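The values are calculated or read from the model by the stated rules, or taken from the named source; none is laboratory data. The structure displayed is predicted, hence computed values, not measured ones. Cβ: placed from backbone, ideal geometry, glycine included. Neighbour counts: every protein chain shown.
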Amino acid sequence: VGELWYKSYGGRSNIKNDTKESLKNKLKNAIQKETELLYEYHDKGTAIISQNDKKGQKGKNDPNGLPKGFCHAVQRSFIDYKNMILGTSVNIYEYIGKLQEDIKKIIEKGTPQQNGKTVGSGAENVNAWWKGIEGEMWGAVRCAITKINKKKKKNGTYTGNECGVSPPTGNDEDQSVSWFK
């Protein structure tokens, strides 16, 4: 989310003047960067799950070769982005709320008008926009996974499908519950 927010001067949105297309590109870049950071976090063993020595799991990778817990973290992170975009995030940080407002405004700005009024509710328009870009956003995650291999020069290659070919829905549980799994 850091790529969408200026931290200086108490913080302000970095997306206010964006179009739908430039917002989409910034979101893809942010999701890709977060995937790379999550990999580093799990690969270094900083994540609690990678330190768990119960049942001999300490330092072991998942069967796909990625660090233990990495894919689950990536899926949770993706769902957090989805909730932020849809305006349903339970995150209490003020900047998330401001980003949600700006995202909604950008999407409504590019939505068809009828008699000077936006057609459909803001939530409907945001949902439709997300449905249209969701696969592309998950593609950013998959792309980041393929780049991890190139940066780390590990034996073998990651295809990008290791954490799933399709994006996780997150529809089966409350967002805050997923943080503790």
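Structural remarks
- Residue 121 vs. criteria buried (at least 17 other Cβ atoms within 10 Å of the Cβ), small (Gly, Ala, Ser) and at pLDDT below 90: no
- Taken together, the criteria exclude residue 149 from residues that are farther than 17 Å from residue 35 by Cα, at pLDDT 65 or above and either within 13 Å of the chain's Cα centre (by Cα) or surrounded by 15 or more Cβ atoms within 10 Å (Cβ to Cβ) (or both).
- Test result for residue 133, modelled with pLDDT under 90, buried (at least 16 other Cβ atoms within 10 Å of the Cβ), assigned to a helix (DSSP H, G or I) and not small (Gly, Ala, Ser): no
- Of all residues in segment 58-74, those that are surrounded by fewer than 15 Cβ atoms within 10 Å (Cβ to Cβ) have Cβ atoms under 8 Å from Cβ atoms of residues that are modelled with pLDDT under 80 and part of a loop (DSSP other than H, G, I, E, B), 6 or more apart or on another chain, in 58/52; 59/45; 65/154; 65/156.
- Checking residue 33 against (1) surrounded by fewer than 16 Cβ atoms within 10 Å (Cβ to Cβ); (2) part of a helix (DSSP H, G or I); (3) at pLDDT below 75, the condition it does not meet: (3)
- Condition check for residue 139: within 14 Å of the chain's Cα centre (by Cα) and either at pLDDT 85 or above or closer than 27 Å to residue 22 by Cβ (or both): yes
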